[in-house]
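Input: a single structure, listed below in structure tokens.
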Amino acid sequence: MSRRSWVVWLVRGSSAAAALALVAMMLATVVDVAMAHLFRRPIIGTYDLVETMLVVSVFLGIPATFQRNGNIVVDVVDLFASRRVVRFLKRLALALTLGFLLLLLYNMIVPALDALKFGGRKQELGLPLWALWVPILLGVLLSALVVVVALVRPPEAVDGREPPR
Amino acid sequence: MTVQAIGVAGIGALLLLIFLRIPVAVCMGLVGFFGYAAIDGWHRAAAVLGSTPFDIASGYALSVVPLFVLMGELGSASGMSSRLFRGASSLSGGTRGALAYAAIGANAAFGAVCGSSVASAATMTRICVPEMRRLHYDDRLSTGSVAAGGTLGILIPPSLIFVIYAVIAQQSVPKLFAAGLVPGLVLTALYILVAAAIVFVRPAWAPRGEALPWRQRARDVLGMWEFVVLFGVSVGGIYAGFFSPTEAAAIGSFLALVIGAAQGKLTAPALWACFAETLKTSCMLFMIIVGAIVFAYFVVQAQLPEALVGWAQRMAFSPIALMLTLIVAYIVLGCFLEGIGLVLITVPVFLPVVVASGFDPIWFGVIVVIVVELGLIHPPVGMNLFVIQAQVPEVPILAIYKGTLPFLVAPMVLIALLLAFPSVALYLPRLLYGS
């Protein structure tokens, strides 16, 4: 299996986990509201669960967003620049995106280690805060891998116009 | 170099990078990080960049974003948009230009379950434009009415731009949702008036349709019941104080899921597509919010809002003159910047000046959304126009531009109305939540 298909499978897996987290967020809130309004018994920990699932769904969903060119780009320059220039700018965008993701990853290590060291927990569920850093770090790392794969593609492969957003 | 000079250089660098087609989130994150480091040192900039993603993604308030996006996706996949168009066209059936009015009305209704203009325009183009072409409507009128109607999605609650504005400006989401409703309805009426004026001047662009029997009309209108249920329960629940925005969004998406499943529309692939699209949109928004927060830290460190307030005081601008200047600046920036980026870049800089001049930040949120709407349909960026062209590639982009131009009058009139009568936006939030 090539490196690219490994990354594709990893992204699919993380997207599936993100989708499940979204479902959990929706169902937990619906059940909590129903219990609170019908039986005056809200489910303790729903807030924490929603916050945790939000972290999981956002950060495990981000790699697919990078894979599908889902980030907002203003492409006015395409109207007057030559194809060669646009191709160069797309490469530049990928390189700067990779730089940003690596910068983010590097700077997140210290607060993640702090969370592990100080042992903070979510108030209602008692979930350790360092556990929330796991999907964050994994998601950003996988996004960086996706960008690396896009960067090493042949130049013609980056010629396609981004889908409308 | 003064901190303000670093701030101005940072804004210049940001605009240059955006122009060079670097993703907006990356531009804001990089400029914010390096600008902050230039003012306050690497150590503090690193702390801000490292902690922002966690702070943003683990906040309960933003959980409303993916849930409302999911509600719109599920509503769209269950065929609600086409039933809305059928209902609206039955209502106005028999009059000249009926389908243009129906396209605007259906867009407004779809905007009430889907918080994104681009998603509204994409969905409604697929439904409205082929039908209008079949009945020999002029392409300029059909694409213009769908492009304009599509913008209503971000003004009529639930609106993603309002949620983002609320986060950046630290305002209440329910108040903003309440403030957007009346202007959204007024803008719908204004767009229909513009369409009627076009039909009056160019009757050949809109053939008279067949009037349907009243029984058929009643059936088509009743076919819009899912929209009434979704909007009534979710947004109505927020207005009535039953639900928080996140609870309303979760219940709305759950209802949309149940309705779609009961109608047999949500097959496994369709459901997966809804979730994939929801995640893509939400993650894109979160990335851009992370970049914007880092950028906002830099803007504050560079003391740009204070400099802008000082400049406005030195120029002795009246509040109205200041607001008009800002609106013109928004319209110019909207020629080059995409809507969400525009809000995230400008609000941290402009809001302190606006508040210092005595304007209500909730009212300003409505103004910002309207100028973003304008940006969605005016060239050269005009995201809705590109989305429509991608759906109907046989219509030249120039025809779409020409068709949309007359509709630009409507948001301008609404801005004038809001400047003259701020209560158009503020009456409902004051009624529901007090001053």
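The values are calculated or read from the model by the stated rules, or taken from the named source; none is laboratory data. Remember, it's a predicted structure, so these values are computed and weren't measured experimentally. Cβ placement follows ideal geometry from the backbone for every residue including glycine, while neighbour counts extend to all protein chains displayed.
For region B:152-188, filtering for residues that are farther than 18 Å from B:Phe227 by Cα and not aliphatic (A, V, I, L, M) leaves 9. The residue list B:Leu419, B:Leu432, B:Leu351 contains one member that is within 19 Å of the chain's Cα centre (by Cα) and either surrounded by fewer than 21 Cβ atoms within 10 Å (Cβ to Cβ) or touching a residue at least 40 places away in the same chain (Cβ under 8 Å) (or both), which is B:Leu351.
B:Ser117 meets the stated requirement of being of a type outside the set (Val, Ile, Thr) and either free of Cβ contacts under 8 Å to residues at least 12 places away in the same chain or within 14 Å of chain A (Cβ to nearest Cβ) (or both). Of all residues assigned to region A:61-72, none qualifies as being more than 21 Å from B:Ile340 (Cβ to Cβ), more than 9 Å from every other protein chain (Cβ to nearest Cβ) and not basic (Lys, Arg). Restricting to region B:384-394, and then to whatever is of a type in the set (A, V, I, L, M, F, W, C) and surrounded by fewer than 24 Cβ atoms within 10 Å (Cβ to Cβ), can you tell me which residue is nearest to B:Pro429 (Cα to Cα)? So the residue we want is B:Phe386.
Applying the criterion of at least 1 residues that are closer than 30 Å to B:Pro352 by Cβ and at pLDDT below 85 to the helices (runs of 4 or more DSSP H) found wholly in region B:214-304 leaves B:225-239, B:268-301. Scanning region B:345-368 for residues that are over 14 Å from B:Val300 (Cβ atoms) and among the hydrophobic types (A, V, I, L, M, F, W, C) yields B:Val354, B:Val355, B:Ala356, B:Phe359, B:Ile362, B:Trp363, B:Phe364, B:Val366, B:Ile367, B:Val368. Among residues that are at the interface with another protein chain (Cβ under 7 Å from one of its Cβ atoms), touching a residue at least 60 places away in the same chain (Cβ under 8 Å), farther than 19 Å from B:Leu304 by Cβ and among the polar types (S, T, N, Q), B:Ser51 is not included.
Here B:Ala356 clears all of (1) away from chain A (no Cβ under 13 Å); (2) at pLDDT 90 or above; (3) surrounded by fewer than 17 Cβ atoms within 10 Å (Cβ to Cβ); (4) closer than 28 Å to B:Leu62 by Cα except the condition numbered (2).
Looking only at region B:15-23, decide whether some residue is closer than 24 Å to A:Phe66 by Cα, more than 9 Å from chain A (Cβ to nearest Cβ), free of Cβ contacts under 8 Å to residues at least 12 places away in the same chain and not polar (S, T, N, Q). Yes; the residues of region B:15-23 include at least one that is closer than 24 Å to A:Phe66 by Cα, more than 9 Å from chain A (Cβ to nearest Cβ), free of Cβ contacts under 8 Å to residues at least 12 places away in the same chain and not polar (S, T, N, Q).
Of all residues in region A:118-133, how many are part of a helix (DSSP H, G or I) and surrounded by 14 or more Cβ atoms within 10 Å (Cβ to Cβ)? Explain how you work it out, then say what you get.
As a first pass, look at region A:118-133 and keep what is part of a helix (DSSP H, G or I): A:118, A:129-133.
From what's left, surrounded by 14 or more Cβ atoms within 10 Å (Cβ to Cβ): A:129-133.
Of the residues in region A:118-133, 5 are part of a helix (DSSP H, G or I) and surrounded by 14 or more Cβ atoms within 10 Å (Cβ to Cβ).
Select from region B:10-53 the residues that are more than 19 Å from B:Leu344 (Cβ to Cβ) and either of a type in the set (A, V, I, L, M) or under 26 Å from the mean Cα position of the chain (by Cα) (or both) and write down the one among them that is surrounded by the fewest Cβ atoms within 10 Å (Cβ to Cβ).
The qualifying residue surrounded by the fewest Cβ atoms within 10 Å (Cβ to Cβ) is B:Ala47.
So, B:Phe286, is that one out of contact with any Lys or Arg (no Cβ under 8 Å at 6 or more places or on another chain), in contact (Cβ under 8 Å) with a residue 12 or more places away in the chain and of a type in the set (A, V, I, L, M, F, W, C) or not? For B:Phe286, the condition - out of contact with any Lys or Arg (no Cβ under 8 Å at 6 or more places or on another chain), in contact (Cβ under 8 Å) with a residue 12 or more places away in the chain and of a type in the set (A, V, I, L, M, F, W, C) - is met. For region B:54-96, filtered to residues that are touching a residue at least 24 places away in the same chain (Cβ under 8 Å) and facing chain A (nearest Cβ under 8 Å), the residue that is nearest to B:Cys274 (Cα to Cα) is B:Leu70.
Within region A:115-144, residues that are free of Cβ contacts under 8 Å to residues at least 12 places away in the same chain reach partners that are surrounded by 18 or more Cβ atoms within 10 Å (Cβ to Cβ) with beta carbons closer than 7 Å, at six or more positions or on different chains, in the pairs A:Gly120/A:Leu129; A:Arg121/A:Leu129.
Looking only at region A:75-117, which residues are among the basic types (Lys, Arg) and surrounded by 19 or more Cβ atoms within 10 Å (Cβ to Cβ)? Full working, then the answer.
Step one: filter region A:75-117 for residues among the basic types (Lys, Arg), giving A:83-84, A:87, A:90-91, A:117.
Within region A:75-117, just A:Lys90 meets the criteria.
Residue under question is B:Gly241, and the condition is that it be within 14 Å of chain A (Cβ to nearest Cβ) and over 21 Å from B:Ser90 (Cα atoms); does it hold? Walk me through how you get there before you give the answer.
Values: within 14 Å of chain A (Cβ to nearest Cβ): yes; over 21 Å from B:Ser90 (Cα atoms): yes.
Judged against the criteria, B:Gly241 is a match.
One residue alone among A:Val11, A:Val23, A:Val31, A:Val55 is out of contact with any Leu (no Cβ under 6 Å at 6 or more places or on another chain), facing chain B (nearest Cβ under 9 Å) and part of a helix (DSSP H, G or I), and that residue is A:Val23.
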